[in-house]
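Trainee: Pasting a structure below so you can have a look.
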Amino acid sequence: MYDVNEYMQERGREMRLAKIEDILNRAFNGENGLKVVLTKRQLQILTMVMQAKSNKQISQELELVERTVEYHRNRIMGKLGVHNSVELTKLVISMGI
């Protein structure tokens, strides 16, 4: 049966994710003085990392192998010059995102 509340919650989550992705995309492509090119997939994963999701949760939601998520996460951190999730989170927060 069709659940309107469930649909609205999912739609709200999708809109929040899209907004976060947009903010991250603008931030890493020149705004805030940081010019780093992240792929669409990397932006998706970074958005989910900022939501404190584990690699396993991300892989399940995006229907990827967990190792692929780890690869993308490592590439993101390499591009941004950070070495762990704490540094990554601090960087994103310092940018006001």
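Rule-based calculations on the coordinates, nothing more; no lab input. Computed from a predicted structure; not experimentally measured. Cβ atoms come from the backbone with ideal geometry, glycine included; neighbour counts cover every protein chain shown.
Trainee: Pulled fully out, how much extra length does the chain show between A52 and K90, if you take 0.36 nm times their separation in residues and subtract their Cα-Cα distance? Write out the running numbers ahead of the final one.
Mentor: Working: separation 38, 0.36 × 38 = 13.68 nm, distance 1.29 nm.
Extra length available between A52 and K90 comes to 12.4 nm.
Trainee: Counting only residues 5 or more places away or on other chains, whose amide H sits under 5 Å from the amide H of V36 once H atoms are built in the peptide plane?
Mentor: Amide H neighbours of V36: N29, G30.
Trainee: Provide the per-residue ³J(HN,Hα) series for segment 72-83, in order, calculated from phi with Karplus coefficients 6.51, -1.76, 1.60 and θ = phi - 60°, each as a whole number of Hz, with x at glycine and proline positions.
Mentor: 4, 4, 5, 5, 4, 5, x, 5, 8, x, 10, 10
Trainee: Now, a different point. Label Q60 and K79 with points 7 Å out from Cα along Cα→Cβ: what is the distance between them in nm?
Mentor: Output for this residue pair reads 2.7 nm.
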